[in-house]
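> Supplied in C-alpha cells, the structure appears directly below.
The values are calculated or read from the model by the stated rules, or taken from the named source; none is laboratory data. The structure displayed is predicted, hence computed values, not measured ones. FYI the Cβ positions are ideal-geometry reconstructions off the backbone, even for glycines, and counts take in every protein chain you see. When the accessible area is computed, the model is the full protein with side chains, heavy atoms only, and any ligands, DNA or RNA have been set aside. Shrake-Rupley method; radii C 1.70, N 1.55, O 1.52, S 1.80 Å.
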Amino acid sequence: MREDTKAARRAQIERAAYKLLKERGYGGTSMLGIAKEAKASNETLYRWYSDKKGLFKTMVENNARTTKAALDAAIRDEADPLVTLEEVAPILLSMLLGERAISLNRAAASDESGELGATIAAGGRDSVFPLIEKLIQRGLETSALAAPSARIAADWFLNLLIGDLQIRRVIHTLPVPSDKDVDSRVVAAISAFRKLCST
C-alpha cells in the first residue's frame, strides 16, 4: 500500500475511533466496531496498532505531534527558550482545548479501568513535559532564565497557560476557544512567566 494511501486510511480509522469514543465511551468502543465504522478489516487494525490501547496511544501521539516537533526543533537548534515557549504556547493550548483532546479526556474520565487515562498521560503530558523541561534547563544553564529548577519552571509555565481551561472544556462549561481567546491567554501566560523567570 502506498504511503499516502496508508496515511489516508489511518486518518479514516482515527476519525471512526473518535466518533465511536464520543458515542460509546472507551469501554464501549471495540476494535471491531472501529473497523466496521471505518470500513476497514479488523485484521488491518490489529496489524497496524496491535490492540485498542495501541490505537488510542497513536491517536494521542498524533494529537501532540505538532507541539513535540516544534519543541524538538527548538532544542536541536538551541533556540531562545522564552521565544520558543511563546511560539509553542498557542499550538499546545489549541491542541489541549480542541475537540480531539477533549473527547479523549471526557472518555478517560468515565473509563473506570484507567487505561485510557494512562494512555493519554503517556502519549501526551509525559512526552511533552520533558521537552519543555529540557528547553527551560538550557535557559537556566545560560542564565537566560532563573528558577528553583527546570521542573518547577515547566510546571509554572503549564499552569499559567492551561490553568483550569481543559477541565472546564471537559465538563462542558467552556466552549471551544476562538483564536483570539487563545492568543489572549498566551500573552497573559507568557507575560506572567517572564516576570517569574526572567533574569
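> What tally of residues in the range 95-108 results from selecting those that are part of a helix (DSSP H, G or I), under 19 Å from Leu161 (Cα atoms) and either among the polar types (S, T, N, Q) or open to solvent by less than 60 Å² (accessible area, probe 1.4 Å) (or both)?
6
> Tally up the residues in the range 109-162 that are aliphatic (A, V, I, L, M), open to solvent by less than 20 Å² (accessible area, probe 1.4 Å) and assigned to a helix (DSSP H, G or I), please.
Counting residues in the range 109-162 that are aliphatic (A, V, I, L, M), open to solvent by less than 20 Å² (accessible area, probe 1.4 Å) and assigned to a helix (DSSP H, G or I) gives 10.
> Consider Ser198 against the criteria (1) loosely packed, with under 14 Cβ neighbours inside 10 Å; (2) modelled with pLDDT of 95 or more; (3) of a type in the set (S, T, N, Q): it satisfies all of them except one. Which criterion is unmet?
Unmet for Ser198, out of (1) loosely packed, with under 14 Cβ neighbours inside 10 Å; (2) modelled with pLDDT of 95 or more; (3) of a type in the set (S, T, N, Q): (2).
For (1) open to solvent by 30 Å² or more (accessible area, probe 1.4 Å); (2) at pLDDT 95 or above; (3) part of a loop (DSSP other than H, G, I, E, B), each residue gets a yes or a no:
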position: Lys57; (1), (2), (3): yes, no, no
position: Glu61; (1), (2), (3): yes, no, no
position: Thr67; (1), (2), (3): no, no, no
position: Ala74; (1), (2), (3): no, no, no
position: Ala89; (1), (2), (3): no, yes, no
position: Leu93; (1), (2), (3): no, yes, no
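> May I pose another question? If you scan the range 27-39, which residues turn out to be of a type in the set (A, V, I, L, M) and open to solvent by less than 40 Å² (accessible area, probe 1.4 Å)?
Across the range 27-39, the qualifying residues are Met31, Ile34, Ala35, Ala38.
> Yes or no: the range 139-149 includes at least one residue that is closer than 26 Å to Pro177 by Cβ and either among the β-branched types (Val, Ile, Thr) or over 14 Å from the mean Cα position of the chain (by Cα) (or both).
No, there is no match, as no residue in the range 139-149 is closer than 26 Å to Pro177 by Cβ and either among the β-branched types (Val, Ile, Thr) or over 14 Å from the mean Cα position of the chain (by Cα) (or both).
> For the range 1-26, name all the residues that are surrounded by 14 or more Cβ atoms within 10 Å (Cβ to Cβ), on the phi < 0 side of the Ramachandran plot and either of a type in the set (Ser, Thr, Tyr) or not in a helix (DSSP H, G or I) (or both).
Residues satisfying the conditions are Tyr18, Tyr26.
> Being within 22 Å of Ala70 (Cα to Cα) and aliphatic (A, V, I, L, M): is that true of Ile171 here?
no
> Sticking with this structure for a sec: Going by what's in this entry, would Phe56 be described as farther than 26 Å from Ser184 by Cβ and in contact (Cβ under 8 Å) with a residue 24 or more places away in the chain?
yes
> Quick check on my filter: what residues within the range 76-87 are farther than 11 Å from Gly139 by Cβ and either in contact with a helix residue (DSSP H, G or I) (Cβ under 8 Å, 6 or more places away or on another chain) or part of a helix (DSSP H, G or I) (or both)?
Arg76, Glu86, Glu87
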